[in-house]
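Data block below; observations after.
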Amino acid sequence: MKGWMGKFRALFILGVLALVLTGCGKENLTAFVPKGYGAESSMKLIILSIVVMTFVFLSVMIIYTIVLFRFREKKGQEDYIPKQVEGNKTLETIWTVIPIILVFVLAIPTVIATFDLADVSGAAEEGAISVDVTGNQYWWHFEYQGEEIQTSQDMYIPVGEKVYLNMISSDVIHSFWVPTIAGKMDVNVENTNQMYIEAYEEGVYWGKCAELCGPSHSLMDFKVVAVSPEEYEQWVADMQSVDPEEEPQDAVAVEGKELFEANNCMTCHAIGSTGSNVAPNLTNFGNRTKVAGFMEMTPENLADWIQDPEKFKPGNNMTGTYPDVSKEDAEKIAEYLMQLKHTEITPDVAGN
Amino acid sequence: MSHIHPLNPETMPNEPEKATLEGKNKFLGLWFFLGGETVLFASLFGTYIALRNSTAGGPTSQEMFGLELVFIMTILLLTSSLTSVYAMYHMKNQDFKKMQLWLGVTGLLGLSFLGLEIYEFAHYITDYGFTFRSSAFGSAFYTLVGFHGGHVTFGIAWLITIMIRNAKRGLNLYNAPKYYTFSLYWHFIDVIWVFVFTVVYLMGKVA
Amino acid sequence: MSIAATQKRSFSAILWDYLTTVDHKKVAHLYLFGGGFFFLLGGLEALIIRIQLIKPMNDFISAGFYNEMFTMHGTTMIFLAAMPLILALMNAAMPLQIGARDVAFPFLNALGVWLFIFGGILLNMSWFLGGAPDAGWTSYVPLATDSATHGVDFYVLGLQIAGAGTLMSGINFLATIINMRAPGMTYMRMPLFTWTTFITSVLILFAFPALTIGLFLLMFDRMFGSAFFNAALGGNAIIWEHLFWIFGHPEVYILILPIFGIFSEIFATFSKKRLFGYTAMVFATMLIAFLGFMVWAHHMFTVGLGAMANSIFAVATMAIAVPTGIKIFNWLATMWGGSIKINSAMLWSLGFIPTFTIGGMTGVMLGSAVADYQYHDTYFVVAHFHYVIVGGTVFGIFAGLHYWWPKMFGRILNETLGKWTFWVFFFGFHFTFFVQHFLGLMGMPRRYWVFLNDQELDLGNFISTIGAFLMGVGVIMFLWNVIATAVKGEKAEADPWDGRTLEWSIPSPPPFYNFKQVPLVRGLDALWIEKTEGNKQMTPGEPLDDIHMPNGSILPFIMSLGFFIAGIGFIYQVDHKLWYIVLYGGMALALGTMVVRSLKDDLGFYVKKEELEREAK
């Protein structure tokens, strides 16, 4: 038994080591390297609680190890009857009082941080940025209050500024999570939840849906693109001056636009700040980070998606709402959509 | 198997319902059951309170509820509680006939309560078009009050079963706990009704 | 039934015996077989989940099927495996520990087990009838109300039926412990497992009705067009979350408290020491149970209940760590100064301490609301609850099975195999779940069908999958052990472990009436007291006399079958009105059986004094 135990232990340590070597996860996705106000608050508490709890764990393990070494049944003393101890007041008081103190150590900062993160009173202040976030199966919609800007999937925010989110769902419960910037909050159907996010650094941050919302729950990714305040100003200006009717430059894209209109895509998708929002808004689509939130941004992927979205996002609401599109037509529509670039402020700008 | 013979004053223990282990178990088990039922109704009350203003444009409680009818229903049910106490009183005095009689009255009062409740529901449905499906308020209302009504119905069925079952046997240590647990159950649904009356009807009319 | 029924009987006789039994020891067997079967099923589902997640963007199973898989894994493991296995141990040991001949309501006990079995079958029938439930074991609305297949309907009816059975067991155990203790067994002399069974039963009693109502509302919304959770008609989906967790959090303690009892017995027995701080242990258990009802909203920190609610529930949650810590230290102190004998039962118990302490650590960490904004609904949470439910409940069930197997079946499980099982399962377990803490914070939410390429989640998931297979191997070894023991296992004597409590004072397995004469209890660890005073057996608390025993009955089986049929009727009546025939037919069968039960006097039978005396010779 002993030899095997050693091998198991070695394997186990190796496994842990391998894990440490992979680092703390992908940059701008992991919660281990916070780059935003909420994530930082959470991280402080995570570290505090790990420290406190490790102290408890070590105390337990030290006693445990001593017990296992010192008090095993001895050879030849199988009939030995130990003293039957009922208890010990002092000891029992110690291991009741110390944990109570530890709970206080942890509880007080928790309560302070909870109230701090729930304080959205700043949303009413002059110049505060408020975004109405709508969760849908399986995409995110963003509407900038007072700016007449609508967009989907990629949310642009200025760094170093609190952005207030008013979140509601159009179908089932979702949860808005950008691990590197802020902890999550549920997106409910019947009430608007408010939270704020603040990014410290420019960058493209991964967002995830964290509440089971159907088959493609795991594919409901989005991005938060944090840019400098000046770049954000420009982005706002550019987005406000979008002309949805603008004719594309090259011929294929022109054809694509016609097909886009002929297939009634506009019934659900809008370009610009007016029009339907039952499907992702396509303003500035060409600058999106991903197709459908998770596929690489190439015309081929987009064309494949247009032809059969079900294959990529099972259970999505686009499937079956429009006539079959041929491969050629899909490519043309893709061409049109890929050139919808309404601003110079792109994900590439973020972080440069 | 002495405890199935009818009791006479000499062999009669002080509390026939708790004289045997089975009787004690039944008695205690029912109390626990009622504890669970309390949580059951608490959940329903919680749901109702959360949804009572969610009328979705349909009729509200203020528009519909009339306290007169509900007041009569309350009196009926409270009186039935009293008559079941009489029945238990006669059980302790080994007067089987009077016990059955008062239980009969209890059952009749319960039935009339149910009749009025059905009338009330029919009134809301036909006069206001207020149904189980019209709004969250409708669902919560019919579910809460209906659950209580269902409990009354079950109680009456239980009562009829034990009354018929034991009509010719008289009282003994085997069936005394059955009567006693029934009466406990019956008191419980009366108490629940008091809460229904307060939370649903009084608060619905006034608030 | 006669005492001389020990000779070989035909299979159909044995089957009929089990179908009609009201004996708590056979009911325990039924819970064990049923729970064991569903445990294997849930384990298989777990392996399929882990295969799907072995590499990024895997397409081993489809997205919809994956959702069904984890929904059924969770539901099965909680309701159809862990709970019944715990009820098996309770039924097997608790009445013996208090010196009772059966439980207070033997008929209800049988009804409970059949309701569980039929509920479990109903739930799993969904696999073959258009798809299993796919909204998670928490079945959050509106996802659950929108779900297109009948899966969620099977979930609702299956759990409703199984849950009713559990509620009955709770009431039954409460009445049993209060009314049927042997003479001299005061409350503060009860073995700790009896205490935890008692407190768990209180939790069952007050927690399950909330689920019952939640399931009713969900059923009404899905089948009868009500609007509880329909926002368009003023409904509110958060009500479901509250009801579910008002049940769901105490449920966690229902799963763990009895296990604390089992470990308390095992640590004391194999350290040859009285449980340290018995009184503190009892009150800590009560405190945990009490607080368990005050913390449900810590599952809902991200719902948006507001800072005040979140703070209150956060502090209450952390407070639970205090009584739990008391328990851990008391167990350590029990072993301190003892003479520790390490066998399989003890190995599982020793493995539990570090594992559960980690689970407790992460529990407190999760209790910190703001930190939970990051942990919530990620693999961190998955890791945490597997550390407590597998590291606590499953370890405890294995420990309890090794410990009481001799009493339940008259044979001792093979020690070598038992130890192997432990080591393989233990390491498999830590491989599977330890990395998941990190995966969660690295940005992997739970219930994800796939994780994307290049997110640095590959290695962790791979390790996790390998670990899961090790756990699978461990379970197979245990099965092998069970079969090997049944075929040629070592026969158990009455008291194979040098036990301390009453169940070890009677033969293994015990006669159907348990105690020929109910023993007189003179203190905590009643049998141990007699042993230290040199007595070979317990002092009888009553003269030898006729023993009154309940009759067997097929009615519990038929009644459960009736509810099962009615359940099918409920599920399908939305498709066609003709299904109402099935609904009413099932209901009539169930209620009819109830009436029969009520009309027919069931007075039980007597084992004659002479017969008992004859047997003694």
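With the contact rule set at Cα under 8 Å and sequence spacing of 6 or more, what percent relative contact order holds for chain A?
Values: 583 pairs, mean separation 57.4, N = 352.
Averaging sequence separation for qualifying contacts and normalising by length gives 16 percent for chain A.
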Next item on the list: Run through every distinct alpha carbon pair of the stretch C:110-245 and return the Kirkwood hydrodynamic radius in angstroms, one decimal place.
Entry: 16.5 Å
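Strictly over 23 Å apart at the Cα level, which of A:LYS74/C:LYS488; A:LYS35/A:LYS341; C:LYS26/C:LYS491 would you flag in this model? The partial results should precede the final answer.
Details: A:LYS74/C:LYS488 30 Å; A:LYS35/A:LYS341 28 Å; C:LYS26/C:LYS491 19 Å.
Exceeds cut-off: A:LYS74/C:LYS488; A:LYS35/A:LYS341.
Taking the mean number of other Cβ atoms within 10 Å as a proxy for protection, how do you rank C:323-332, C:406-415, A:118-127, B:155-164 from highest to lowest? Walk me through the numbers before you get to the answer.
Numbers: C:323-332: 23.0, C:406-415: 21.0, A:118-127: 11.5, B:155-164: 17.2.
Taking the mean over residues of other Cβ atoms within 10 Å, the ranking is C:323-332, C:406-415, B:155-164, A:118-127.
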Next item on the list: May I ask for the angle, rounded to the nearest 10°, between helix C:63-75 and the longest principal axis of chain C, with both axes built from Cα atoms and the value confined to 0 to 90°?
Entry: 30 degrees
Item checked: Normalised contact order of the stretch C:1-125, rounded percent, pairs of Cα under 8 Å and 6 or more residues apart -> 37 percent
Item checked: Semi-axes of the equivalent ellipsoid for the stretch A:16-118, Cα gyration tensor, largest first, Å -> 41, 23, 6
Note to self: As an exercise, identify the trypsin sites (Lys or Arg not before Pro) in the stretch A:56-155 lying in DSSP coil whose Cβ has no more than 15 other Cβ atoms within 10 Å.
What the structure shows: A:LYS74, A:LYS75, A:LYS83
Next item on the list: Any chance you could check the Cα centroid distance between the stretch C:176-216 and the stretch A:201-219 for me, in angstrom?
Entry: 44 Å
Next item on the list: Name the aspartates and glutamates eligible as straight-distance cross-link partners of B:LYS24: C-alpha to C-alpha under 12 Å, and not fewer than 8 places from it in the same chain.
Entry: B:GLU15
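What order do you get for C:423-436, C:575-588, A:293-306, A:157-170 when each peptide is scored by the mean count of other beta carbon atoms within 10 Å, highest first? Please list the in-between numbers first.
Numbers: C:423-436: 22.9, C:575-588: 13.6, A:293-306: 18.3, A:157-170: 20.1.
Going by the mean number of other Cβ atoms within 10 Å, highest first, we get C:423-436, A:157-170, A:293-306, C:575-588.
Treating only the Cβ of Lys, Arg, Asp and Glu as charged (+1, +1, -1, -1), what charge dipole size does chain B show about its Cα centre? Round to the nearest 20 debye. Intermediate values should be presented prior to the final figure.
Working: 13 positive and 12 negative charges, 110 e Å.
That gives a dipole near 520 debye.
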Checklist line | Computed magnitude of the charge dipole of the stretch C:517-617 (debye, nearest 20; Cβ of K, R +1, Cβ of D, E -1) | finding: 320 debye
Checklist line | Long-range amide H partners of A:TYR156 with built H, under 5 Å | finding: A:VAL225
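Let me know the mean shielding of A:187-200 by other chains, meaning the per-residue number of their Cβ atoms within 10 Å of its Cβ.
On the way: counts 2, 8, 10, 12, 6, 1, 4, 1, 3, 0, 0, 0, 0, 0.
So the per-residue partner count for this stretch is 3.
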Next item on the list: Check the straight Cα-Cα distances from C:LYS608 and name the aspartates and glutamates below 13 Å, setting aside those fewer than 8 residues away within the same chain.
Entry: C:ASP545, C:ASP546
Next item on the list: Quick one: which residues, 5+ away or cross-chain, put their amide H under 5 Å from the amide H of A:MET295? H built at 1.01 Å from N.
Entry: none
Checklist line | Zero-based 10 Å bins, Cα pair distances in chain A, whole percents | finding: 5, 19, 25, 19, 12, 9, 6, 3, 1, 0
Note to self: List the residues, sorted by chain then number, that are 5 or more residues from C:ARG411 or on another chain and whose placed amide H is less than 5 Å from its amide H.
What the structure shows: C:ALA492
Notebook entry, point to check: In degrees from 0 to 90, rounded to the nearest 10, what is the angle of the helix A:251-262 Cα long axis to the longest principal axis of chain A?
Noted result: 80 degrees
Check: How about C:LYS419: which lysines have a C-alpha closer than 17 Å to its C-alpha, ignoring those fewer than 8 places off in the same chain?
Finding: A:LYS2, A:LYS7, C:LYS341
Notebook entry, point to check: So how far apart, in nm, are the two label points at A:ASP324 and A:THR54 if each is 7 Å from Cα heading toward Cβ?
Noted result: 6.1 nm
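Averaged over its residues, how many other protein chain Cβ atoms are within 10 Å of peptide C:61-70's Cβ atoms? If you can, show how the numbers build up before the last one.
Values: counts 0, 2, 9, 5, 2, 4, 8, 1, 0, 1.
Per residue, the average neighbour count from other chains is 3.
List C:LEU47, C:LEU589 from most exposed to least, where exposure is judged by having the fewest other Cβ atoms within 10 Å.
Working: C:LEU47 16, C:LEU589 19.
Ranked by crowding around the Cβ, least crowded first: C:LEU47, C:LEU589.
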Next item on the list: Quick one: check the C-alpha center-to-center distance for the stretch C:506-523 versus the stretch B:168-207, whole angstrom.
Entry: 40 Å
Notebook entry, point to check: From the phi of every residue in the stretch C:385-400, what ³J(HN,Hα) in whole Hz does the Karplus formula 6.51 cos²θ - 1.76 cosθ + 1.60 yield, where θ is phi - 60° and glycine or proline is x?
Noted result: 6, 6, 4, 7, 7, 7, x, x, 5, 5, 4, x, 5, 4, 4, x
Note to self: Just want the answer: with Cβ charges of +1 for Lys and Arg and -1 for Asp and Glu, which residue in C:LEU174, C:GLY119, C:VAL252 is farthest toward the dipole's positive end in the stretch C:118-255?
What the structure shows: C:LEU174
Note to self: Need one value for C:562-569: mean number of C-beta atoms belonging to other chains within 10 Å of its residues' C-beta atoms.
What the structure shows: 0
Check: Once you charge only the Cβ atoms, +1 for Lys and Arg and -1 for Asp and Glu, what is the size of the charge dipole of the protein assembly as shown about its Cα centre, to the nearest 20 debye?
Finding: 7580 debye
Notebook entry, point to check: Considering only A:PRO99, B:GLY29, C:LEU85, whose Cα is most displaced toward the positive end of the charge dipole of the protein assembly as shown, charges sitting on Cβ of Lys, Arg (+1) and Asp, Glu (-1)?
Noted result: B:GLY29
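My understanding is that a pair violates if its Cα-Cα distance is over 30 Å; which of B:LYS26/B:LYS168; B:LYS97/C:LYS609; B:LYS97/C:LYS516; A:LYS311/C:LYS55; A:LYS184/A:LYS313; A:LYS332/C:LYS55 do that in this structure?
On the way: B:LYS26/B:LYS168 23 Å; B:LYS97/C:LYS609 39 Å; B:LYS97/C:LYS516 42 Å; A:LYS311/C:LYS55 19 Å; A:LYS184/A:LYS313 23 Å; A:LYS332/C:LYS55 34 Å.
Beyond 30 Å: B:LYS97/C:LYS609; B:LYS97/C:LYS516; A:LYS332/C:LYS55.
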Margin query: Among C:550-562, A:311-323, C:489-501, how do they line up by average Cβ neighbours within 10 Å per residue, starting with the highest?
Written below: C:550-562, C:489-501, A:311-323
Checklist line | Low-density loop positions, GluC sites (Glu not before Pro), the stretch A:216-285 - DSSP coil, at most 16 other Cβ in 10 Å | finding: A:GLU245, A:GLU246
Notebook entry, point to check: Over the alpha carbons of the protein assembly as shown, what is the largest minus smallest coordinate on each principal axis, giving the biggest first in Å?
Noted result: 107, 84, 56
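Find the relative contact order for the stretch A:16-118 and round it to a whole percent, using C-alpha pairs within less than 8 Å whose residues are 6+ positions apart. List each step's numbers first, then the result.
Working: 20 pairs, mean separation 32.5, N = 103.
Once divided by the residue count of the stretch A:16-118, the mean separation gives 32 percent.
The stretch C:209-244: which chymotrypsin sites (Phe, Trp or Tyr not before Pro) are DSSP loop and have at most 14 other beta-carbon atoms within 10 angstrom? Write down the numbers at each step before the final one.
Working: sites: C:PHE216, C:PHE220, C:PHE224, C:PHE228, C:PHE229, C:TRP240, C:PHE244; in loops: C:PHE224, C:PHE228, C:PHE229.
Loop-located and lightly packed - C:PHE224.
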Next item on the list: Quick one: what are the phi-derived ³J(HN,Hα) couplings along the stretch A:333-350, Karplus 6.51/-1.76/1.60 with θ = phi - 60°, whole Hz, x for glycine and proline?
Entry: 4, 4, 4, 4, 5, 5, 8, 6, 10, 9, 8, 7, 7, 10, x, 5, 5, 4
Next item on the list: Work from the charge dipole of chain A (Cβ charges, +1 for Lys and Arg, -1 for Asp and Glu, about the Cα centre) and give the residue of A:VAL111, A:VAL254, A:PHE142 farthest towards its positive end.
Entry: A:VAL111
Notebook entry, point to check: Residue by residue through the stretch C:403-418, which ³J(HN,Hα) values in whole Hz follow from phi under the Karplus form 6.51 cos²θ - 1.76 cosθ + 1.60 (θ = phi - 60°), with glycine and proline marked x?
Noted result: 6, 9, 3, x, 6, 6, 10, x, 9, 9, 5, 4, 5, 4, 4, x
Check: Roughly what angle does helix A:2-21 make with the longest principal axis of chain A, taking Cα atoms, 0 to 90 degrees, to the nearest 10?
Finding: 40 degrees
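Readers should treat all values here as calculations from the given coordinates under stated rules, not as data from a laboratory. Fair warning: this is a prediction, and the values are worked out from it, not measured in the lab. Quick reminder, even Gly has a Cβ in these numbers, built from the backbone with ideal geometry, and neighbours come from all protein chains shown.
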